[in-house]
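Taking it in order: structure first as structure tokens, then the write-up.
Rule-based calculations on the coordinates, nothing more; no lab input. It should be emphasised that the depicted structure is a prediction, and the values quoted were computed from it without experimental measurement. Glycine also receives a Cβ, built like all others from the backbone with ideal geometry; neighbour counts cover every protein chain displayed.
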Amino acid sequence: MLAADYAKALRAAGGSAQHLKNLRDALARRGHEKLLPQIFAEYRKLELHDKRLAAHKKMTPHAERTRTLLELYRTLIHSNG
């Protein structure tokens, strides 16, 4: 999808105001200005994905405790087997 590719390129470039202006100029030259709302939506999806991924990777105390208990359980099972 063309809008997704533009959004990924904008994200890779940094997404500053200057990059946005350059993207708009490039779209105008190619006659793709109608894609701006779709590009914005795709860009927001990428931002949301990164935010959710960071939250998912974040180790909570409860998750760390569960991981430690599972490791201890596996060690205990394998040492008695």
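Restricting to the stretch 2-29, what's the tally of residues that are without any contact (Cβ under 8 Å) to a residue 24 or more places away in the chain and either closer than 14 Å to Phe40 by Cβ or in a helix (DSSP H, G or I) (or both)?
17
Just one of the numbered conditions (1) among the hydrophobic types (A, V, I, L, M, F, W, C); (2) more than 23 Å from Met1 (Cα to Cα); (3) touching an Asp or Glu at 6+ places or on another chain (Cβ under 7 Å) is not true of Leu27; which one?
(2)
Tally up the residues in the stretch 39-81 that are assigned to a helix (DSSP H, G or I) and more than 30 Å from His19 (Cβ to Cβ), please. It would help to see each step written out before you state the result.
Initially, the stretch 39-81 is screened for residues assigned to a helix (DSSP H, G or I), giving 39-57, 61-80.
From the residues that got through so far, the ones that are more than 30 Å from His19 (Cβ to Cβ) too are 61-80.
Result for the stretch 39-81: 20.
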